[in-house]
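> Below is a structure I'd like to ask you about.
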Amino acid sequence: MPIFPTHAPSSAQPALQQQTPTPHPLSREDLARARQLADRIRARFAQTLVGQDNLRESLIVTLVAGGHILIESVPGLAKTTAAQTLATSVSGTFKRVQCTPDLMPSDLVGTQVFDFASQRFTTQIGPIHANFVLLDEINRSNAKTQSAMLEAMAEGATTIGGERIALPRPFMVIATQNPVEEEGTFNLPEAQMDRFMMKAVMTYPTADEERRMLALLTRRGSDVVDVNALSHDVLSISDVEFLRASARRVHVADAVMRYAVDLAATTRGAGPHPLQGLDALVRLGASPRASIALVRIGQAYALLSGRDYVVPEDIKAFIHEVMRHRIILTFEALADGVATDQIIDSVVKAVPVP
């Protein structure tokens, strides 16, 4: 007769049922410090960028939430300037990579070089090994290079010659892409798009904002931002770690979590509040990473708003940026000119606020 393994002794069971200790609540001093640090970043943006308040807040919230961001717009709307402003507002390392079709993974990650003096291979790390990495025109890089980016964004490490090398912390990717040019571009796969916590879409400035932009350039005397000429009041790495750790300590009630789950599930045609006719418009809905991103962004936004708890308005504040690159429309919807943001608006209206 076969002998089956017996269960572990009952004394071992309570150890498996132990819950993760509840983080200490945030103090008023913590909340005040978080808002003061965010204001210092905003002050730096005021020296380099006119308008684009939504983009500025998206960048700051993504930094605090510990995610990556994709910025999309036509040329000339200061995508690169905004990314450089955020990256240089922290004292960490910053690298910019201009993506091209012939960019190879080794150009980004690094490679091994034979050293004739020591008669052995040495590892030379690439530009992605920095705290802030700007991938300019990311959709111009080929599929092989994009896969190397995906490993770095998903796992926080790279592999060079079979050796796994951890990326510095904090690590944040700020990518830009131009939606109007198609020649020499490679669409990002859904798996990589899903790794971006937010996708910000820039629009043309108003006439007044464009006039103020020209006045700023005239006073500055140069069309290119000189980082050395900006104020040296930058955040330290420990400041960023404090912001990220504090955001994770912001309380999220069960009702708010269910709200984030219902929003993501509704885009998939599931959930308690389905939308009629959604199947004809949406080919692929938002993944569970969307609900995770909604909660993380909500925690960060609540922290920067001076609260130690998340309200439903924090979840809705950046729902378009969180959802728009995770929802794939059908060919019929694209032919009819249906925008992804319209689908998101319908989802927000259909799911009741707790």
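> In segment 123-207, which strands (runs of 3 or more DSSP E) lie fully inside it and hold 1 or more residues that are under 13 Å from the mean Cα position of the chain (by Cα) and farther than 20 Å from Met104 by Cβ? Walk me through it before giving the result.
Working: elements: 132-136, 157-160, 163-166, 172-177, 198-201.
Result: 132-136, 172-177, 198-201.
> Follow-up. Can you find even one residue in segment 86-104 that is exposed (fewer than 13 other Cβ atoms within 10 Å of the Cβ) and at pLDDT below 85?
no
> Just to be sure before I move on: is Thr122 at pLDDT below 85 and open to solvent by 10 Å² or more (accessible area, probe 1.4 Å) in the structure I sent?
Judged against the criteria, Thr122 is a match.
Yes or no, residue by residue, for (1) outside any helix (DSSP H, G or I); (2) open to solvent by less than 50 Å² (accessible area, probe 1.4 Å); (3) at pLDDT below 85; (4) closer than 23 Å to Gln146 by Cβ:
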| site | (1), (2), (3), (4) |
| --- | --- |
| Thr6 | yes, no, yes, no |
| Ala34 | no, yes, no, no |
| Phe45 | no, yes, no, no |
| Ser58 | no, yes, no, yes |
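> Go through (1) under 25 Å from Val180 (Cβ atoms); (2) open to solvent by less than 10 Å² (accessible area, probe 1.4 Å) for Gly76 and report which single condition fails.
Evaluating Gly76 over (1) under 25 Å from Val180 (Cβ atoms); (2) open to solvent by less than 10 Å² (accessible area, probe 1.4 Å) leaves (2) as the failure.
> Moving on. Under 8 Å by Cβ, and 6 or more places apart or on different chains, what pairs join a residue from segment 113-124 that is acidic (Asp, Glu) with one that is at pLDDT 75 or above and open to solvent by 60 Å² or more (accessible area, probe 1.4 Å)?
Short answer, once both residue conditions are applied: Asp115/Phe121.
> List pairs: first in segment 195-219 and among the polar types (S, T, N, Q), second surrounded by fewer than 16 Cβ atoms within 10 Å (Cβ to Cβ) and not in a loop (DSSP other than H, G, I, E, B), Cβ under 9 Å, 6+ apart or cross-chain?
The qualifying pairs are Thr203/Asn54.
> Could you grab the pairs with beta carbons closer than 7 Å, sequence gap of 6+ or different chains, first residue in segment 264-275 and part of a loop (DSSP other than H, G, I, E, B) and open to solvent by 10 Å² or more (accessible area, probe 1.4 Å), second one at pLDDT 85 or above and hydroxyl-bearing (Ser, Thr, Tyr)?
Going by the 7 Å Cβ cut-off, the qualifying pairs are His273/Thr266; Pro274/Thr266; Leu275/Thr266; Leu275/Ser346.
> So is Val225 surrounded by 15 or more Cβ atoms within 10 Å (Cβ to Cβ), at pLDDT 80 or above and at negative phi or not? Can you show your working first?
On the way: surrounded by 15 or more Cβ atoms within 10 Å (Cβ to Cβ): yes; at pLDDT 80 or above: no; at negative phi: yes.
No; evaluated as a whole, the condition is false for this residue.
> Taking segment 70-109, which residues are under 19 Å from Arg42 (Cα atoms) and either part of a loop (DSSP other than H, G, I, E, B) or among the polar types (S, T, N, Q) (or both)?
Residues of segment 70-109 under 19 Å from Arg42 (Cα atoms): 71, 77-92, 94.
Listed by number, the residues that qualify are Leu77, Ala78, Thr80, Thr81, Gln84, Thr85, Thr88, Ser89, Ser91, Gly92.
The values are calculated or read from the model by the stated rules, or taken from the named source; none is laboratory data. Bear in mind that the values here come from a model prediction, so they are computed numbers and not experimental data. In this analysis, Cβ positions are derived from the backbone assuming ideal geometry, glycine residues included, and neighbour counts consider all displayed protein chains. Heads up: the accessible areas ignore ligands, DNA and RNA and are worked out on the full protein's heavy atoms, side chains in. Shrake-Rupley method; radii C 1.70, N 1.55, O 1.52, S 1.80 Å.
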